[in-house]
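The values are calculated or read from the model by the stated rules, or taken from the named source; none is laboratory data. Please read these numbers as outputs of a predicted model, since none were measured by experiment. Virtual Cβ from ideal backbone geometry, glycine too; neighbours counted across all protein chains shown. Accessible surface areas use protein heavy atoms only, side chains included; no ligands, DNA or RNA. Shrake-Rupley method; radii C 1.70, N 1.55, O 1.52, S 1.80 Å.
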Amino acid sequence: MSGKPDLDIAPQPTPLLSERWSGVPSRLTSEASTARTRLYSNKTLPHSAPRQRPARLPPGLSESDFSTAVKDLRQSIGAENVVINDQPLKDGWYLEHPNTHDAFHVVEQEELVCSAVVYPGSTEEVQKVVRWANKHLIPIYPISIGRNVGYGGAAPRVPGGVVLDLGKRMHSILNVDGENASCMVEPGVTYFKLYEEIQNRGLPLWIDCPDLGGGSVLGNAIDRGVGYTPAGDHFANHCGMEIVLPNGELLRTGMGAIPGPDGTDSPVWQSFQNSFGPKIDGVFSQSNFGIVTKMGFWLLHEMPHRSYCFTFAQDEDFPRIVEAIRPLAQKGVLGNIPQLRHVVQELNVTGRRKSTFHDGEGPMTREEIRRAAKELPLGDCSWVFYGTQYGDAQSVERQLGVVKAAFSDIEGTKFWLPEDVPQDHYLHSRVQVNSGVPILRELDWLNWLPNAGHLFFSPITPTRGKDAQKIHDMIVAGHKKYGFDVFPTLCIAGREMHYIANVIFDRADADQKRRAVALLRELVDDCAKEGFGEYRTHLLFQDQVARTYGWGDQALMRFNETIKDALDPNGILAPGRCGIWPKRFRGRGWELGLEDVDMKVIGPKL
Ligand code: EUG
């Protein structure tokens, strides 16, 4: 990059929730502006650069085909609701994020981009867009908010696809039912928005949120995301969906399939998850079979809670920690989905730069991590377990006794309560997230490197020391080979753990981007050889991951393709999402695999 970057780091307020559906609640304005200033101070890339190439067209369409199609759509849903993506691309940051491309691009910024963004204002308009896509054979890619960070953001899998940005005009909280402890939301409702609404109504209810609060409640659930209260499995806590099918028809799942009297909704839609016959909600998660326009969720009743952490002395304690956790989790002693983090996370969640601790290339050494950790509130340690117990004080005290006893055999273990650490320590952030308060703390990771982007590698490991160690060893070896720091966060349940390795790279460094891709490709492959797979992955790894689930000569994929072809014969809905290609695209060189590290062109290989 040449010249002086046009950095716009003047302290400028980030959009508020009261001004913009995707904005930040006023209680977080100062955190947001600090985060923005800090992130931008670590940026050397220009805010935006002139486009190197003409705007992308949908595959197979000429410029004039596309312009005819756009004219057609503008007439049907309003000219202002169809925007061509021909302006300079801006990566922005979490709260001012793009809906045109992947802000954390691991390929060239202009590669994984849409041709246009469309803003439907109602379910009927979503149906219109779907019928339009069928007529013109244009791939559409629905997003709710577009903050699927580390997994592809707002980008369509097929360059030149049309992004269907549902959130901008469909962000109503359709219902909050205090008696049923449930709600129904549209795609553009963020955790921030739902939380504020429940607070404003004075209801004694909790939501469950992930680590960052700006995502879509609906979008996160259908991507099968995780949160940290007792209702941390988001998809498992949904109740009822409304879906626009790829042919434009409308479907309701669960008890929503029973029409209420006089055109009303069934009164049990948010009370019972099933209908009669096959339970089909699952096929609309991590798929491209329909566009979810409404979704119900169960809420929790607020309750007293106590967050805490344990520190463990040795890296080698890892399998013993896992063994100690398993019975606690299976018996329900652990009230939530706790996190186990390596101590290096203590460093990067302070928002400091890696260069504070390490000179030059390559990952931090163990000695450097140890030296830096010594200066932090929890001191020199190896693993940190962040948990929360729920219930009245006496009950929490008893539960904590059981948890402490379980870890007592591991030498050097220390127990910490929020009052034992300074106000700015991460444990206070866990207090909030583990009681359903959406925040922004985890953004601090991205100050580790200049222009930081990140990718998640997210295998499922058994909650069993031996297997967890095996996966951890593969991840450590891979990171070493490709020169990345290992940032493991494990979200732990009784029988499995979501092992989340966050690969942080400098978006200005093409070689780092290439190495990040090579690392992910290799880890997906290594894990698959041992019978392990990922729960979720970035767009560009979805083909590879989907095909690791290949038991029975790709029986699962063939089943998914059968459904896809039946529901979407023209292949217009998010082709390639989760590795599922409609027959119009299938076997024509779109699929990406282990060998696709240099992805100069995302599209049919010649
Ligand atoms: C995290 C957890 C995830 C995920 C991405 C990030 C946590 C980061 C359990 O799933 O997919 C602190």
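At most 14 other Cβ atoms within 10 Å and a DSSP loop assignment: could you name the trypsin sites (Lys or Arg not before Pro) in region 248-335 that fit? Walk me through the intermediate numbers first.
Working: sites: Arg252, Lys279, Lys294, Arg306, Arg320, Lys331; in loops: Lys279, Lys331.
The qualifying sites are Lys279, Lys331.
Among the lysines, select those whose C-alpha is under 20 Å from the C-alpha of Lys135, and discard any that sit fewer than 8 residues away in the same chain.
List returned: Lys71, Lys564, Lys583.
Would you please name the chymotrypsin sites (Phe, Trp or Tyr not before Pro) within region 269-348 that are DSSP coil residues with at most 15 other C-beta atoms within 10 Å of their C-beta?
Those that pass, being in a loop and sparsely packed, are Phe272, Phe276.
So if we plug the beta-carbon distance of Glu302 and Ser62 into 1/(1 + (r/R0)^6) with R0 = 45 Å, what FRET efficiency do we get, rounded to 0.05?
0.20
What order do Tyr386, Tyr549 take when sorted by accessible area (1.4 Å probe), most exposed first?
Largest accessible area first, the residues go Tyr549, Tyr386.
Set the Förster radius R0 to 60 Å, insert the Cβ-Cβ distance between Asp392 and Gln75 as r into 1/(1 + (r/R0)^6), and round the FRET efficiency to 0.05.
0.45
At 1.4 Å probe size, what's the solvent-accessible area of Phe104? Round to the nearest 10 Å².
30
Show me, for region 470-477, the HN-Hα J-couplings you get by feeding each phi into the Karplus relation (A = 6.51, B = -1.76, C = 1.60, θ = phi - 60°), rounded to Hz, glycine and proline as x.
So the J values, rounded to whole Hz, are 4, 5, 4, 4, 5, 5, 4, 5.
What shape does region 305-541 take by its C-alpha gyration tensor, where a ≥ b ≥ c are the square roots of the eigenvalues and a/c under 1.5 counts as rounded, a/b above b/c as prolate, and the rest as oblate?
Prolate, because a/c is 1.5 or more and a/b exceeds b/c.
From the backbone phi of region 573-584, what are the Karplus-calculated ³J(HN,Hα) couplings (6.51 cos²θ - 1.76 cosθ + 1.60, θ = phi - 60°) in whole Hz, Gly and Pro given as x?
9, 6, x, x, 4, 6, x, 9, 9, x, 5, 4
According to a simple spin-label model (label point 7 Å from Cα along Cα-to-Cβ), what is the distance in nm between Ile84 and Lys331?
Modelled inter-label distance: 6.6 nm.
When the label point is put 7 Å from the Cα of Lys466 along its Cα-to-beta-carbon vector, which residues of region 320-352 have a backbone N closer than 18 Å?
Once the point is set 7 Å along Cα→Cβ of Lys466, 320-327 turn out to lie under 18 Å by backbone N, inside region 320-352.
Which value, in Å² rounded to 10, gives the accessible area of Asp424 with a 1.4 Å probe and all protein chains present?
Counting only protein heavy atoms, the figure is 110 Å².
Given a 1.4 Å probe, how much area per residue of region 362-471 is accessible, in Å²?
On the way: 4310 Å² over 110 residues.
Dividing the accessible area of region 362-471 by its residue count gives 39 Å².
I'd like the carbon and sulfur percentage of the solvent accessible area for region 246-362, probe radius 1.4 Å, heavy atoms only, ligands and nucleic acids excluded. Numbers along the way, then the final one.
Values: 2820 of 5200 Å².
Whole-percent figure for carbon plus sulfur exposure: 54.
To the nearest 10 square angstrom, how much accessible area does His301 have with a 1.4 angstrom probe?
Ignoring ligands and nucleic acids, His301 comes out at about 110 Å².
Among 533-543, 554-564, 475-485, how do they line up by average Cβ neighbours within 10 Å per residue, starting with the highest?
Ranked by mean Cβ neighbours within 10 Å, highest first: 533-543, 475-485, 554-564.
Separation between the Arg53 and Arg27 pseudo-spin-labels, each 7 Å from Cα along Cα→Cβ, expressed in nm?
Each label point is offset 7 Å from its Cα along the Cβ direction, giving 4.5 nm.
Would you grab the residues whose amide H sits under 5 Å from the one on Cys114? Only those 5+ places off in sequence or on another chain, please, with H modelled 1.01 Å from N.
Those qualifying (amide H under 5 Å, at least 5 residues apart or on another chain) are Gly160.
Note the full-extension length gain between Ala236 and Glu595 as 0.36 nm times their separation in residues minus their Cα-Cα distance, in nm to one decimal.
On the way: separation 359, 0.36 × 359 = 129.24 nm, distance 3.54 nm.
Computed gain between Ala236 and Glu595 is 125.7 nm.
Please work out the FRET efficiency for the pair Leu137 and Gln423, using the Cβ-Cβ distance as r and a Förster radius of 56 Å; give the result to the nearest 0.05.
My answer for the efficiency is 0.50.
Under the rule of at least 5 residues apart or a separate chain, name every residue whose amide H is placed under 5 Å from the amide H of Leu205.
Glu302
Take the alpha-carbon centre of region 35-84, take the same for region 313-379, and report the distance between them in whole Å.
41
If the reach is capped at under 17 angstrom between alpha carbons, list the lysines near Lys600, excluding any in the same chain fewer than eight residues apart.
Lys513
For Lys529, go through the lysines and keep the ones whose alpha-carbon is under 23 Å away, minus same-chain ones fewer than eight residues off.
Lys466, Lys470, Lys480, Lys481
Be a star and scan region 67-87 for residues whose amide nitrogen sits under 19 Å from the point 7 Å along the Cα-to-Cβ vector of Leu250.
76-78
Considering only protein heavy atoms, what per residue accessible area in square angstrom results for region 250-333 with a 1.4 angstrom probe?
48
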